[in-house]
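Asker: Below you will find the structure I want to go over with you.
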Amino acid sequence: MTTTQDMPQVQACSVNSCSYNQDSDCHAGAITIAGDHAHCGTFVEISFRGGLDRSGMVGACHRTDCRHNEKLECTAPSVQIGQDQDVADCLTYEAR
């Protein structure tokens, strides 16, 4: 079981339209990476900013083909989120 201290931190997020983004810093409690191109499943675009008073973490990764994925947990030291195939993707994703 992964503890919060073991979760990788979202080092940077360049998706300014996300309501969890404040000055390129993710404030979601924990993001989920999913989909067929490592999409940030926590991305939300609404009219106000939210989240916690700390940087976001990676709670789960459903991309089992990523070299950083072990038992659906991210083992990268940190991740970066930004636009790739979609508006909010994990730019740290690396195929095995």
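The values are calculated or read from the model by the stated rules, or taken from the named source; none is laboratory data. The structure displayed is predicted, hence computed values, not measured ones. In this analysis, Cβ positions are derived from the backbone assuming ideal geometry, glycine residues included, and neighbour counts consider all displayed protein chains. The accessibility values were calculated without ligands, DNA or RNA, using every heavy atom of the protein model including side chains. Shrake-Rupley method; radii C 1.70, N 1.55, O 1.52, S 1.80 Å.
Asker: FRET efficiency for Ala95 and Phe48, Cβ-Cβ distance as r, R0 = 30 Å, nearest 0.05?
Answerer: Efficiency, from the Cβ-Cβ distance: 0.25.
Asker: Continuing with the same structure: With charges set only on the Cβ (+1 for Lys and Arg, -1 for Asp and Glu), what does the dipole of the chain come to about its Cα centre, in debye to the nearest 20?
Answerer: 160 debye
Asker: Using a simple spin-label model with points 7 Å from Cα along the Cα→Cβ vector, what separation in nm is obtained for Val87 and Ala34?
Answerer: For Val87 paired with Ala34, the spin-label model returns 1.8 nm.
Asker: For an R0 of 41 angstrom, estimate the FRET efficiency from the Cβ-Cβ distance between Ser17 and Arg67 and round to the nearest 0.05.
Answerer: 0.90
Asker: Whole number in Å², please: accessible area per residue of the chain, 1.4 Å probe, ligands, DNA and RNA not counted.
Answerer: Using a 1.4 Å probe on heavy atoms only, each residue of the chain averages 58 Å².
Asker: Also: If amide hydrogens are placed 1.01 Å from N in the peptide plane, which non-local residues have theirs closer than 5 Å to the one on Asn69?
Answerer: Thr75
Asker: Could you tell me which of rounded, prolate or oblate describes the chain, using a ≥ b ≥ c as the square roots of the eigenvalues of the alpha-carbon gyration tensor, with rounded for a/c under 1.5 and, failing that, prolate when a/b is larger than b/c and oblate otherwise?
Answerer: Judged from the Cα gyration tensor, the chain comes out oblate (a/c at least 1.5, b/c at or above a/b).
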